[in-house]
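Quick notes on the structure that follows.
Since every read-out is calculated from the coordinates, none of them should be taken as a lab result. This one's a predicted model, so the numbers in the text were calculated from it and none came from an experiment. Every residue, glycine among them, receives a Cβ derived from its backbone with ideal geometry; neighbour counts consider all protein chains shown.
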Amino acid sequence: MAPKIFLVLIFLSIGLVAKSQEGALTVISNQRGAPAILKYSELRSILMGEKQRWRNGSKIVIALMKTNTATGKITSEKIYDMSADELNKFWLALVFQGKAPAPAFFNTAAELQNFVSQNPGAIGIVDQLSHSDNLRTIIIDGKSRIL
Amino acid sequence: MVISLRTKILLTVITIVMMFGFFTLIYFPAQQGKLLLKNYNNEVQNLANTVALGVKIAITEQNFEGVQTAMEFVKDDPRLQFVSLVQYDTVWNNNRTKYGIKHAVFKTFPESEHPDANITSADSIIVKRSPFSTSVMTGEVLLAFTTKEIKESKRKIRTTSLIVSGGVFVVGLLIAFWLARNISIPVKALRNAALRVSEGDYSHRLKAFSNDEIGELGVAFNKMTDDLSRSRQQLNETNVSLSNANKALNDTLVELQSAQAQLIHSEKMASLGELTAGIAHEIENPLNFVNNFSEISIELLDELKQTKLNLLSAEDKEEAENIIYALVQNLQKITHHGKRADGIVKGMLQHSQSSTGKKELTDINKLADEYLRLSYHGLRAKDPSFNATMETDFDQSLDEINIIPQDIGRVLLNLFNNAFYSVTEKRKQPQQNDYQPTISVSTKKEVDKLVILVRDNGNGIPEKVLDKIFQPFFTTKPSGQGTGLGLSLSYDIIKAHGGELKVETKEGEGAEFIIELPLK
């Protein structure tokens, strides 16, 4: 009986881990411009358009998945704490107010990673990093993924 | 009031030009303005729709800079007043029982403009709205264009219309004057020509005006005038011909009437002649007895006086001589008047008998001159105090004419005697001291006849007896001085020669007898 319970617990723990990994986000950036480590508050400030230049002075370029994608919805909810429409309206207002350049929105993670890898200073949020030479994962508050 | 053709043409063209002017100055600019405004509204609306579509796509695609780009799609248009993105927000009351839709201007370009979300079109701007709806936001694109260009276009249209109208007006006036001149002048010329033709002047011709209908009218008019002229000429010729024929007919009628009168006269004269001849023949024998026995009685009385009267006493002898003297006187009167009666009878017999003379070539000038002097000297023998001027004008070109000289001589003698008698009678009238008795005799040759004129300046012949002077026994002379057979006999002699004896007279001024004898 005990081994069965153990197995059950193992599967449960695996399921919980898997569950906890589902909806996690990875912040990636171009090798040039963005630092390797950021605080979450810094990340949020950057993604809210409040901070628009890296420490070295290069321009920050934000790349997000479209809000009609799963990653886009998770991003708006977890990072922006907004619904998808609210996020869009937020950025529309910022753009119209001239306070920040609009982020680049993508349909697939591959497109997003490709964009980030080709634009120095670019920072993006994907569900998981696929390997790319010119990309790196930014550590947020010591973690590589935002849960 | 009569309006001339020229005025009518001018009025017509000016009316058309005025109507065109009204169209180009008022109606056309108004319609063009409306069309421009309509097109402009459509254009602005289409632009607003385009911008709205771009905004919708950009928002849907989360291309927020694309939204701005879409809005700036019209930024380079010089007519742009502003373009705004208006957001519709649902506003609830505090109890969330009712809500309203609030229109808020989300973004405007250029930023210097701050339009009200409910702004509408006005004179200076045209405002168009194009709504859009996305999951992010619902709203509308508010696009405002100035109407300066429309106004400028309208002004240009008005200016152009004014210039065109002015041009058309001037051209219209020129055309009107040209038309009036090219229609009115030929029509007036046609009218004047028609008047001249109506007055009988067919020589007038119209000049060729043009090659159009008016020109053809002129040509037709000229042809009509030619035809009329020819017709009139033919009519005149026919009239002349008819007139000549009529004159000839009249002349023939007059001649016929004259011939008829002469025929009647001749018949009458012939009857008279026969009657006269018969009477004369019957009277002649008794008259011979009267004359012979009266002469014998005178001889017997003379013989008685010389032989037997001496046997009587002185007293008886004286008485017997007185009786014998009276008887002789009576017998002498019987003899005298018997011879006179014998003369008349012989004249009557001469009248009735055809001439016994023969025609021979005779110098008529010489014959006339001879008988004129014979008549004059005969009268001088009877009355030595008689005196008269004789004028002769003989045509020396006259050839000898074939006549019976004794007969024509008797005619001339009769006429000369009558003429001398007439001037003698006039000279006897009181208050004729300055009167110079004149007898003129002239001859002349005409185409186919010889004319002898015997003219006197005596008392002339009264009109009332003019038609009787050629009748036998008609005379104006006192009894015993004319038998009334001279002119009658003369008339018959001239007629017998195939000629005419006529008289022209004016009472108190004289008479002219005209003898016409045929040359052949």
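Partner shielding of B:65-76 amounts to 2, given as the average count of beta-carbon atoms from other chains within 10 Å of each residue beta-carbon.
Residues A:27, B:17, B:451, B:465, arranged from fewest to most other Cβ atoms within 10 angstrom of their Cβ, appear as B:465, B:451, B:17, A:27.
Considering all projection directions equally, how large on average is the shadow of the alpha-carbon convex hull of chain B, in square nanometres?
The orientation-averaged projected area of the Cα hull of chain B comes to 63.3 nm².
Net length available on complete extension from residue B:261 to residue B:34 is 70.7 nm, with 0.36 nm assigned per residue and the Cα-Cα distance removed. Cross-link pairs exceeding 27 Å in C-alpha to C-alpha distance, out of B:358/B:468; B:428/B:464; A:51/B:75; A:39/A:59; B:477/B:502; A:78/B:107, comprise B:358/B:468; A:51/B:75; A:78/B:107. For the range B:359-520, the Stokes-Einstein estimate of translational diffusion at 20 °C and a viscosity of 1.002 mPa s comes to 133 µm²/s, using the Kirkwood hydrodynamic radius over alpha-carbon pairs. Phi angles across the range B:296-304 convert, under the Karplus curve 6.51 cos²θ - 1.76 cosθ + 1.60 with θ = phi - 60°, into 3J(HN,Hα) values of 5, 4, 5, 5, 5, 5, 5, 5, 4 Hz, Gly and Pro given as x.
Per residue, the Cα convex hull of the protein assembly as shown amounts to 516 Å³.
Here's the picture: a label point sits 7 Å out from the Cα of residue B:210 along the beta-carbon direction, and within the range B:177-192 the residues with their amide nitrogen under 13 Å of it are B:177-187. Checking every one of the trypsin sites (Lys or Arg not before Pro) in the range B:203-242 against DSSP loop status and a limit of 10 other Cβ atoms within 10 Å picks out B:207. In order along the range B:218-231, the Karplus-derived 3J(HN,Hα) couplings, from 6.51 cos²θ - 1.76 cosθ + 1.60 at θ = phi - 60°, round to x, 4, 5, 4, 4, 5, 4, 5, 4, 4, 4, 4, 4, 4 Hz, and Gly and Pro are given as x.
Taking only alpha carbon atoms, the range B:5-171 gives an Rg to Rh ratio of 1.26, where Rh is the Kirkwood radius.
Rounded to a whole number of µm²/s, how large is the Stokes-Einstein D of the range B:219-353 at 20 °C and 1.002 mPa s, given Rh as the Kirkwood radius over C-alpha pairs? Estimated via Stokes-Einstein, D reaches 98 µm²/s. Under Stokes-Einstein, with the Kirkwood radius over Cα pairs as Rh, the value for the range B:413-508 at 25 °C and 0.890 mPa s is 168 µm²/s. The angle separating the long axis of helix B:405-428 from the principal Cα axis of greatest extent in chain B is about 80 degrees.
For residue B:207, the lysines whose Cα comes closer than 24 Å to its Cα, not counting residues fewer than 8 places off in the same chain, are B:188, B:223.
If you count, for every residue in A:84-91, the Cβ atoms of partner chains within 10 Å of its Cβ, what is the mean?
On the way: counts 3, 5, 1, 2, 8, 8, 2, 5.
The per-residue average across the peptide is 4.
Taking amide H as placed 1.01 Å from N in the peptide plane, residue B:402 has its amide H under 5 Å from the amide H of B:362, each at least 5 places away in sequence or on another chain. Between the residues B:474, B:461, B:60, the greatest Cα displacement towards the positive end of the dipole of the protein assembly as shown, with unit charges on the Cβ of Lys, Arg, Asp and Glu, is found for B:60.
Computed over chain B, the per-residue total of -39500 (n - 2.57) for DSSP H runs of n ≥ 4 gives a 222 nm mean residue ellipticity of -21000 deg cm²/dmol, rounded to 500.
Which ordering of B:82, B:289, B:470 is given by a fewest-first count of other beta-carbon atoms within 10 Å? Display every interim value, and only then the final one.
Numbers: B:82 23, B:289 10, B:470 20.
By the 10 Å Cβ count, ascending: B:289, B:470, B:82.
Neighbour counts of C-beta atoms inside 10 Å place B:408, B:494 in the sequence B:494, B:408, starting with the fewest.
A cut-off of 5 Å between modelled amide H atoms, ignoring neighbours fewer than 5 places along the same chain, links residue A:25 with A:146, A:147. A straight Cα-to-Cα reach below 23 Å connects residue B:102 with the lysines A:89, B:56, B:128, residues fewer than 8 places away in its own chain not being considered.
Close amide H partners of residue B:485, meaning residues 5 or more places away or on another chain with modelled amide H under 5 Å apart, are B:473.
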